[in-house]
Amino acid sequence: MLPIVTHPAYDIPLPEGHRFNATKFSGLMQALGSQGVLESSTLHHPKPASPDDLTLVHDPSYVAAISQGSLDRKQLRTLGLNWSTQLRDRSFLSVEGTLEAARLALAHGVACHAAGGTHHAHAGHGAGFCVFNDLAYTAMRLVAEGAVRQVLILDCDVHQGDGTARIALGNGAVFTCSVHCRVNYPEKKATSDWDIELDEGLSDQGYLSILDQTLAGLRSRLSKVDLVLYDAGVDVHARDRLGRLKLSYEGILARDRKVLTHFRSLGIPVATVIGGGYSEDLAEVSHRHSLIFRAAIETL
Ligand SMILES: [Zn+2]
């Protein structure tokens with residue numbers, strides 16, 4: 001059975017026409033149900049992260065501002081979301097959901113979070129629809145607890161994982177690798193431990209060839225990784241409104257299979273998060289997000 005972490009409170013109330021598809025979390029669960037994925041899965045609901053725990057990666061004043069709804073207009077514009085009690089509650093849940101998925105992956109080999117991938121969140125501010133950085137939080141919690149020696153954060157969202165890179169900068173126990181499109185957001189890139197910058201318009205074959213080289217390179221660079229956090233961003237798809245690559249559904253599925261089978265064959269647990277996915281068509285974006293779950297089921 002595939003452990004899947006989800007929560008009924010993940011959807012966000014946003015104005016009609018907002019670029020972020022706010023009901024895609026429940027849409028994804030419906031897609032997984034209709035594809036039969038849930039028949040081979042166990043569902044887990046996270047508890048909210050505590051503000052104290054979040055200060056491991058975020059400034060206490062920023063965590064308090066999210067709790068109290070006291071972000072100023074500039075901060076809200078950078079975040080790209082309106083504050084609401086639902087946004088607050090789901091942010092504390094979702095960041096813990098990735099940690100829960102990572103714990104399940106350590107126990108079972110693979111686990112998927114049906115949310116997460118909020119990689120633009122920085123220590124002191126949110127950005128690009130990301131409130132708290134679930135990837136940095138999960139990696140640093142598990143390292144602090146002594147559950148793992150080193151965590152690899154492999155970020156294949158089309159945008160650079162700039163928040164993750166800045167939070168983990170100089171932390172030898174967290175290796176950040178971002179595979180992203182050079183000309184995409186954020187304009188000012190951070191420095192990951194390893195950045196792979198892709199040309200605009202890249203399609204399946206070119207992408208998968210670079211991924212092969214990346215996986216081989218990671219293997220030679222890292223020898224004590226006990227866990228991989230994989231951001232299976234789907235804004236690499238040709239129809240994505242914000243991505244600039246040209247991958248097909250088959251290309252995304254092939255990418256996810258490669259990543260999972262590579263690390264599973266090395267005996268390294270993998271926890272996956274979803275990322276990206278900008279489309280007005282909820283069914284289409286839910287289908288895209290379901291691909292990583294299908295790939296994960298195959299590795300059981
Ligand atoms: Zn993205």
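The values are calculated or read from the model by the stated rules, or taken from the named source; none is laboratory data. Just so you know, these numbers come straight off a predicted model, no measurement behind them. Cβ sites come from the backbone with ideal geometry, for glycine too, and all protein chains shown count toward neighbours. The accessibility values were calculated without ligands, DNA or RNA, using every heavy atom of the protein model including side chains. Shrake-Rupley method; radii C 1.70, N 1.55, O 1.52, S 1.80 Å.
Can you find, within the stretch 281-300, the residue that is least open to solvent (accessible area, probe 1.4 Å) among those that are among the charged types (D, E, K, R) and under 10 Å from LEU253 (Cα atoms)? In this case the residue turns out to be ARG288.
In the stretch 277-300, what residues are hydrophobic (A, V, I, L, M, F, W, C) and within 16 Å of the ligand (Cβ to nearest atom)?
Passing the criteria: VAL285, LEU291, ILE292.
Looking across the stretch 229-254, the residues that are out of contact with any Phe, Trp or Tyr (no Cβ under 7 Å at 6 or more places or on another chain) and within 20 Å of ALA216 (Cα to Cα) come down to LEU229, TYR230, ASP231, ALA232, ILE252, LEU253, ALA254. ARG255 falls short on exactly one of the conditions (1) more than 14 Å from the ligand (Cβ to nearest atom); (2) open to solvent by 50 Å² or more (accessible area, probe 1.4 Å); (3) over 23 Å from ALA173 (Cα atoms), and that condition is (2).
Here ILE268 fulfils each of the conditions (1) under 28 Å from PHE129 (Cα atoms); (2) surrounded by fewer than 18 Cβ atoms within 10 Å (Cβ to Cβ); (3) touching a strand residue (DSSP E or B) at 6+ places or on another chain (Cβ under 7 Å) apart from (1).
Given the options THR272, THR261, name the one that is of a type outside the set (A, V, I, L, M) and in contact (Cβ under 8 Å) with a residue 60 or more places away in the chain.
Numbers: THR261 fails: in contact (Cβ under 8 Å) with a residue 60 or more places away in the chain.
The conditions single out THR272.
Of everything in the stretch 145-187, what is within 16 Å of the ligand (Cβ to nearest atom), open to solvent by 60 Å² or more (accessible area, probe 1.4 Å) and farther than 25 Å from ALA216 by Cβ? Give them in sequence order. Scanning the stretch 145-187 gives VAL183, TYR185, GLU187.
Identify, from the list HIS262, HIS287, the residue that is part of a helix (DSSP H, G or I) and farther than 23 Å from TYR10 by Cα.
Working: HIS287 fails: farther than 23 Å from TYR10 by Cα.
When all the criteria are applied, what remains is HIS262.
For the stretch 234-252, does any single residue satisfy the condition of being away from the ligand (no atom under 16 Å from the Cβ) and closer than 19 Å to PHE129 by Cβ? Within the stretch 234-252, not a single residue is away from the ligand (no atom under 16 Å from the Cβ) and closer than 19 Å to PHE129 by Cβ.
Answer yes if at least one residue in the stretch 63-77 is acidic (Asp, Glu) and either touching a helix residue (DSSP H, G or I) at 6+ places or on another chain (Cβ under 7 Å) or at positive phi (or both), and no otherwise. Write out each step before concluding.
So in the stretch 63-77, the residues acidic (Asp, Glu) come out as 72.
From what's left, either touching a helix residue (DSSP H, G or I) at 6+ places or on another chain (Cβ under 7 Å) or at positive phi (or both): none.
No, there is no match, as no residue in the stretch 63-77 is acidic (Asp, Glu) and either touching a helix residue (DSSP H, G or I) at 6+ places or on another chain (Cβ under 7 Å) or at positive phi (or both).
Checked against the criterion of being over 18 Å from the mean Cα position of the chain (by Cα) and either among the small types (Gly, Ala, Ser) or within 16 Å of the ligand (Cβ to nearest atom) (or both), the stretch 264-276 contains one or more residues that satisfy it.
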